Amino acid sequence: MAHPSTSILCTDLGFEWPDGTTVLDGFHLAVGPGRTGLIGLNGAGKSTLLRLIAGELTPAAGTVRISGELGYLPQGLTLDAGQRVDEVLGIRAAREALHAIESGDTAGRHFAAIGEDWDVEERARATLDKLGLDRLGLDRTTSELSGGEAVLLHLAALLLRRPDVLLLDEPTNNLDRRARSLLYEAVAGWQGVMVIVSHDRELLRYVDQIADLRDGTVTWYGGNFAAYERTLAAQQETAERLVRVAEADVQRQKRDLVEARIKLDRSASYGKKRSETRNDPKIFSGKLKRQGQETAGRVRGLHAERLADARERLSAAEEAVRDDAEIRIDLPRTAVPPGRTVLHLDRVRLPYGTWADLELRGAERVALVGPNGAGKTTLLRTIAGELAPLSGEITLPVPLRHLPQRLDLLDDGLSVADNVKAYAPGVGDNAVRARLARFQFRGARAEQLAGTLSGGERFRAALAALLLADPPPQLLLLDEPTNNLDLASVRQLTQALSGYQGALIVASHDVPFLRGLGITRWLELDGELRAIDAL
């Protein structure tokens, strides 16, 4: 029976994809008032769960119940380019009726279309202003909107509807710094029920509780993401200590079992010799032998049982320790001497009138920020030689690699190992596999086809291909690398880059991630490239 305050109730929920892959089986979830951050590894089923709750997918088993009206902001949102802004907001009919009445047409259908919403235009304008979309006219079409503006417009439509339950799936993807701060404010001011799937640690500061989806079940943690990290760290410290205790117990039980066997063997040998010396009758010596064997069996069984119990405790302790596949690598061949020129841009002009001058020396770590549409991706592609500048000169005296947003540098028809070998053709199979193991592609995992990888796995494989390339890159360009990565994958990326000793340029809106990279210089691109203070 659901609690009266429960707003979302999933009971015995089951879902699998057409290829037979099971996502949820016998799944239960009850969400009450407040803002809930739904987190988990890539492939855990977070987006699928939101789509099931929103009614976009039909469960194979179980039920989903929602209390009140539901609003849903999906990931990878697309808008019809021919739509008007007021259509997306869902207020076109009310606006037309309002304008008709203002023109003297008092037909009843106009009053029915408006209902009680006589201030619909004022509310719409106020909502757009709140989300930084004050320049949008209600009569304009959406064809001129950027991806980030489309997300905010769709969110504005949901806020205007005032649903009882609001689902947001990675809402900060493709949003620039200013748009993200506006969305944070909207989330912080939300008074109803909200479930947010996000890898954005800044956004997760504004939730009231964390729901961690792992292995088909949800574990709840009170407080925001920072509180979750503290609680989880304490739990993992305890779990690791219990593993060490259990490992020691297993070793002790193994020693006890060996020592018991040695004592029993000695006792049996001694008993046999004594019987032979005394020339005991065969019946009597046989009876003693059977008694000794029975005693030995009981002792061995007792110690074996203790060892089995110790192993079970060790297994249970190990299960409590999370293995989120940390990446630990050392890349000394990527090192750049402090004074060496790595990149020089001399009055480089990009499309739309953007200018860039830049001198990069040594192993600098540069954060490239700026609003959506400013040309950050274009600048990285131009540096990488994928686009030609309109004017100016680019000097690049070191090996470079570029990781684009789309992660399209892998051949889906090749295995992970073969993809890496394509970037390092002179490296032997054993060396490639040894290096891939550091990226958590061990054994059969290295033979997986790239086309079958999850989002997080694909990212790790692409990163491995670039960092293990021959020659090794001494300048690495990353374009929005944390988009669509789960929190564990973001941590893996940060760990991997800690072993990279070359120069780095990262275009990203994820400020906490950038801060974790040890950025040495912050640059903003907005019409021109200029240095700014650290964010």
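Derivation of every value follows stated rules applied to the coordinates shown; laboratory data play no part. Every value quoted in this text rests on a predicted model; they were computed, and no experiment measured them. All Cβ positions, even for glycine, are placed from backbone atoms using ideal geometry, and neighbour counts span all protein chains on display.
Remarks
- Residue 252 versus residue 117: modelled label distance in nm, points set 7 Å from Cα along the beta carbon direction: 7.0
- In terms of its C-alpha gyration tensor, the stretch 50-149 has an oblate overall shape, because the principal axis ratio a/c (a ≥ b ≥ c, square roots of the eigenvalues) is not below 1.5 and a/b does not outweigh b/c.
- Contact order normalised by residue count of the stretch 472-535, Cα under 8 Å, 6+ apart, percent: 33
- A P(r) calculated from all alpha carbon pairs of the stretch 430-535, with 5 Å bins opening at zero, reads 2, 10, 21, 22, 18, 13, 7, 4, 2, 0 percent.
- Structure-derived Cα Rg over 2.2 N^0.38 Å: which label, when the choices are (i) 1.03; (ii) 0.98; (iii) 1.31: (iii)
- The trypsin sites (Lys or Arg not before Pro) of the stretch 334-386 that DSSP puts in a loop, and whose beta carbon has at most 16 other beta carbons within 10 Å, are 340.
- Binning all Cα-Cα separations of the stretch 328-439 at 10 Å, short to long from zero, yields these whole-percent fractions: 11, 33, 32, 20, 3.
- The chain - mean residue ellipticity at 222 nm from DSSP helices (-39,500 (n - 2.57) per run, n ≥ 4, rounded to 500): -13000 deg cm²/dmol
- Peptides 21-34, 506-519, 459-472 ordered by packing proxy, namely the average of other Cβ atoms within 10 Å per residue, highest first: 459-472, 506-519, 21-34.
- Per DSSP, loop trypsin sites (Lys or Arg not before Pro) in the stretch 106-191 with at most 12 further Cβ within 10 Å: 135
- The count of lysine pairs in the chain with alpha-carbon distances below 25 Å, taking only pairs 8 or more places apart or on different chains, stands at 12.
- Sequentially through the stretch 226-232, phi angles give Karplus couplings (6.51, -1.76, 1.60; θ = phi - 60°) of 4, 5, 4, 4, 5, 5, 5 Hz, Gly and Pro residues having no value and appearing as x.
- Per-residue ³J(HN,Hα) for the stretch 137-154, Karplus 6.51 cos²θ - 1.76 cosθ + 1.60, θ = phi - 60°, Hz, x for Gly and Pro: x, 5, 8, 6, 8, 8, 5, 8, 7, 6, x, x, 5, 4, 4, 5, 5, 5
- Along the stretch 21-30 the Karplus relation, 6.51 cos²θ - 1.76 cosθ + 1.60 evaluated at θ = phi - 60°, assigns HN-Hα couplings of 5, 7, 9, 9, 8, x, 7, 10, 7, 10 Hz to successive residues, with x for each Gly and Pro.
- Counting neighbouring beta carbons within 10 Å and listing from fewest to most, the residues 532, 329 come out as 532, 329.
- Loop trypsin sites (Lys or Arg not before Pro), the stretch 26-103 (other Cβ atoms within 10 Å of the site Cβ: 11 or fewer; DSSP): none
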